[in-house]
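The values are calculated or read from the model by the stated rules, or taken from the named source; none is laboratory data. Keep in mind that this is a model prediction, so the values were computed, not measured. Cβ placement follows ideal geometry from the backbone for every residue including glycine, while neighbour counts extend to all protein chains displayed. Side chains included, ligands, DNA and RNA excluded: accessible areas come from the protein's heavy atoms. Shrake-Rupley method; radii C 1.70, N 1.55, O 1.52, S 1.80 Å.
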Amino acid sequence: MPRDLTALDNVYENNLGTLVKLCNSVLPVQYPESFFQELFPKGKNAKKDTFFAQLGYYSEIAVGGVKAKLLPNKKGDVLPQGVYIEILVVLEHYRGKGIGGKLLSYVETECKKHFQHDIYVHVATDNESAINWYIKHGFVNEGNILKDYYKDTTGSPDCYVLKKHIP
Ligand SMILES: CC(C)(COP(=O)(O)OP(=O)(O)OC[C@H]1O[C@@H](n2cnc3c(N)ncnc32)[C@H](O)[C@@H]1OP(=O)(O)O)[C@@H](O)C(=O)NCCC(=O)NCCS
């Protein structure tokens, strides 16, 4: 049986730049440095949100990554409870090798560990390939469009909210 060349590992402060480069080269949306730095909060005013992040490797080269966030349902909170995938990317050349699926499985495992049952992701309305990929992986597109969700983008500013229920 061939050896599995794909693997995941944690994001550390000293390889955070790799995740930044991967995201900003794959996605049409440019995320600010602060979006990534929140994985390593510093100072007493730092937000105490819970994030899940991993890098995906092919033959020990970092080629993908995920950053997701726990959505706690605080009293009066309008956000739904669950886990929100903020970014999930794999470099084009390394797609179809199961790395995206592994990154998604990692998020699903964290979702269960935190007693959550729903995973959400926003996908630009013109990103048909990613929409189909998520649907193939058990997400449902309820068809509701969020207008002007993405600000700094070269693609569509509108997005769909896709949801996967984890029993
Ligand atoms: C979406 C994305 C992360 C998938 O990563 P990936 O590493 O190619 O995913 P995988 O290799 O795990 O996917 C494998 C499976 O999905 C299927 N698949 C791949 N692309 C697909 C598509 N566009 N539509 C439907 N199924 C697809 C493959 O046939 C395969 O199925 P199998 O397991 O039954 O053989 C990657 O395409 C990507 O980075 N896209 C651009 C970034 C993006 O738009 N992200 C979404 C917004 S956060």
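Side notes on the structure shown:
- Filtered residue count, the stretch 94-118, keeping only those that are closer than 19 Å to residue 55 by Cα and either surrounded by 15 or more Cβ atoms within 10 Å (Cβ to Cβ) or hydroxyl-bearing (Ser, Thr, Tyr) (or both): 17
- Residue pairs meeting the criteria (Cβ under 7 Å; at least 6 apart or on separate chains; first touching a residue at least 24 places away in the same chain (Cβ under 8 Å), in the stretch 31-51; second open to solvent by 50 Å² or more (accessible area, probe 1.4 Å)): 40/13
- Test: residue in the stretch 137-148 that is within 22 Å of residue 32 (Cα to Cα) and surrounded by 16 or more Cβ atoms within 10 Å (Cβ to Cβ): no
- Looking only at residues of the stretch 93-148 that are assigned to a helix (DSSP H, G or I), under 14 Å from residue 159 (Cα atoms) and touching a residue at least 24 places away in the same chain (Cβ under 8 Å), we find that the one that is farthest from the chain's Cα centre (by Cα) is 131.
To keep it simple, each residue is scored yes or no on (1) open to solvent by 30 Å² or more (accessible area, probe 1.4 Å); (2) within 24 Å of residue 120 (Cβ to Cβ); (3) assigned to a strand (DSSP E or B); (4) not hydroxyl-bearing (Ser, Thr, Tyr).
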| site | (1), (2), (3), (4) |
| --- | --- |
| 3 | yes, no, no, yes |
| 18 | yes, no, no, no |
| 25 | yes, no, no, no |
| 31 | yes, yes, no, no |
| 44 | yes, no, no, yes |
| 52 | no, yes, yes, yes |
| 64 | no, yes, yes, yes |
| 74 | yes, yes, no, yes |
| 85 | no, yes, yes, yes |
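- The residues of the stretch 149-167 that are within 13 Å of the ligand (Cβ to nearest atom), closer than 27 Å to residue 72 by Cβ and assigned to a strand (DSSP E or B), listed by number, are 159, 160, 161, 162.
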